[in-house]
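Here's the structure we're looking at; comments come further down.
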Amino acid sequence: MLDTFTIDIQPAATSRLAEMDLTKLEFGKLFADHMLTVEFTGGEWQAPRIVPYGPLAVSPANSALHYGQAIFEGMKAYRQADGGVALFRPLDNWHRLNTSAERMAMPPVPEEVFMQGLCELVKLDTAWVPGAPGSSLYIRPFMFATDGFLGVRPSNTYHFGIITCPVASFFKKPLRVRFEQQYVRAAPGGAGYAKNAGNYGAAMLPTRLAQQQGYDQLLWTDATEHQYIEESGTMNVAFILNNKLVTPAVSSSILDGITRRSVLQLARDWGLTVEERQVSSREVMDALAAGRLQEAFGVGTAVTIAPIATIGYEGQDHDLPALTETSFSRRVGVTLEDLRTGHAPDPHGWMVAVK
Ligand code: COI
């Protein structure tokens with residue numbers, strides 16, 4: 001393992017920033033000038049490097065391509081009220097990256113490689129952090145196997161990288177979702193709690209089928225009975241039900257979302273009862289019919305809060321009550337945005353300034 005290191009920075013000859021229109025941002029399309037790259041070889045991480053953003057050369061036999069030994073994280077940096085830049089809960093992402101790495105038999109990334117690499121990269125590309133309301137710099141740490149070997153066993157070598165892209169709000173309007181009761185996102189004992197690439201690839205066909213029926217996303221249900229709600233699309237999901245915040249408890253098939261954790265903490269701070277437990281599709285639909293379901297929303301890094309307007313269940317669409325200024329999902333979205341941009345206090349110490 002590396003004891004001390006300095007990050008070698010190879011700056012881009014010219015910045016692409018001036019050619020970009022940051023007022024028309026599409027999620028994940030524009031990338032900042034630089035990227036972090038770190039190789040794991042000979043049983044240890046080598047010194048991190050920051051280089052101009054660009055293609056990577058990989059062996060066509062690497063087991064990320066063939067067997068899915070690949071993981072990622074999603075996190076954000078925010079332009080602050082005082083003009084600076086700060087990261088939201090970066091150590092939580094570092095922890096979760098290593099949880100995913102363990103599940104996929106990959107080596108852990110040392111904290112200093114992750115944090116120093118991240119901070120240096122964001123500092124170098126500070127000008128790429130947008131400042132418009134709802135915008136941020138989305139940060140994508142990722143790791144994949146690099147051995148050129150078709151045998152099925154964990155790779156001996158890996159690439160860890162970080163790329164970043166300026167983003168605006170993810171979904172422009174409340175979502176139409178439907179319960180998925182045929183396909184499965186993740187099974188108990190599987191890798192649903194990890195951010196491994198295969199979870200997302202396997203969700204693409206069921207999601208496309210739902211989109212062809214006019215829905216934006218799915219409400220995934222459990223692998224055994226297709227009754228209990230797991231996640232919505234690529235997000236965690238929560239409900240305001242009987243004036244309580246009710247959300248599926250994390251498990252081996254549900255991602256322990258950092259935005260989810262933050263929303264639950266704020267709800268508790270505000271005195272709302274929070275229930276982390278099994279939530280069935282029947283319970284939600286019965287509550288909606290009886291006027292006891294006040295809100296449903298997705299929660300994730302890319303989206304922050306994505307209110308749900310309509311739920312499809314057994315071939316029928318059911319509309320939720322319209323949101324008001326005092327709805328929990330609105331208030332928590334605004335509070336998170338204010339806290340992350342330095343416009344409101346940060347009582348839990350979630351923000352880490354990039355200096
Ligand atoms: C994130 O919110 O960071 C995610 O992982 C969703 C992403 C796949 C767009």
Breaking point among (1) open to solvent by 40 Å² or more (accessible area, probe 1.4 Å); (2) in a strand (DSSP E or B); (3) within 19 Å of Val58 (Cα to Cα), for Arg176
(3)
Among the candidates Ala223, Ala210, Ala187, residue that is open to solvent by less than 30 Å² (accessible area, probe 1.4 Å) and among the hydrophobic types (A, V, I, L, M, F, W, C)
Ala210
Check Arg89, Arg79 and return the single one that is more than 16 Å from the ligand (Cβ to nearest atom) and in the same structural domain as Ala18 (by TED's automatic domain parsing).
Arg79
Can you tell me which residue among Glu337, Glu314 is over 18 Å from Tyr228 (Cα atoms) and of a type in the set (Asp, Glu)?
Glu337
When you scan region 1-9, do you find a residue that is at pLDDT 95 or above and within 16 Å of the ligand (Cβ to nearest atom), even just one?
no
Being open to solvent by less than 60 Å² (accessible area, probe 1.4 Å) and at pLDDT below 95: is that true of Ala168 here?
yes
Please determine, by comparing only the residues of region 301-355 that are among the small types (Gly, Ala, Ser) and in a strand (DSSP E or B), which one is nearest to Trp220 (Cα to Cα).
Gly312
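Yes or no, residue by residue, for (1) at pLDDT below 95; (2) surrounded by fewer than 17 Cβ atoms within 10 Å (Cβ to Cβ); (3) out of contact with any helix residue (DSSP H, G or I) (no Cβ under 7 Å at 6 or more places or on another chain):
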residue: Thr273; (1), (2), (3): no, yes, yes
residue: Gln278; (1), (2), (3): no, yes, yes
residue: Glu283; (1), (2), (3): no, no, yes
residue: Gly291; (1), (2), (3): no, yes, yes
residue: Glu295; (1), (2), (3): no, no, no
residue: Val299; (1), (2), (3): no, no, no
residue: Ile305; (1), (2), (3): no, no, no
residue: Ala309; (1), (2), (3): no, no, yes
residue: Asp319; (1), (2), (3): no, yes, yes
Residue within region 112-123 that is within 16 Å of the ligand (Cβ to nearest atom), within 20 Å of the chain's Cα centre (by Cα) and closer than 19 Å to Val303 by Cβ present
no
Do we have Leu56 as under 25 Å from the mean Cα position of the chain (by Cα) and under 24 Å from Gly300 (Cβ atoms) here?
no
Inside region 100-136, the number of residues satisfying the requirement of being in contact with an Asp or Glu (Cβ under 8 Å, 6 or more places away or on another chain), surrounded by fewer than 16 Cβ atoms within 10 Å (Cβ to Cβ) and in a helix (DSSP H, G or I) is 0
When region 238-261 is checked residue by residue, the ones that are within 20 Å of Leu175 (Cβ to Cβ) and either open to solvent by 40 Å² or more (accessible area, probe 1.4 Å) or within 13 Å of the ligand (Cβ to nearest atom) (or both) are Leu255, Gly257, Thr259, Arg260
Just need a number here: residues in region 257-296 that are among the aromatic types (Phe, Trp, Tyr) and closer than 27 Å to Gln181 by Cα.
0
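Matching residues to (1) assigned to a strand (DSSP E or B); (2) farther than 28 Å from Val263 by Cα:
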position: Glu39; (1), (2): yes, yes
position: Leu56; (1), (2): no, yes
position: Tyr78; (1), (2): yes, no
position: Leu91; (1), (2): no, no
Restricting region 27-44 to residues that are within 16 Å of the ligand (Cβ to nearest atom) and over 17 Å from Leu118 (Cα atoms), the residue that is most open to solvent (accessible area, probe 1.4 Å):
Lys29
From Phe149, Phe142, which residue is open to solvent by 10 Å² or more (accessible area, probe 1.4 Å) and within 16 Å of the ligand (Cβ to nearest atom)?
Phe142
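The values are calculated or read from the model by the stated rules, or taken from the named source; none is laboratory data. None of these values were measured; they are calculated from a predicted model. As a convention, Cβ positions derive from the backbone with ideal geometry for all residues, glycine included, and neighbour counts pool all protein chains shown. Just so you know, the surface numbers come from the protein's heavy atoms only, side chains and all, with ligands and any DNA or RNA stripped out. Shrake-Rupley method; radii C 1.70, N 1.55, O 1.52, S 1.80 Å.
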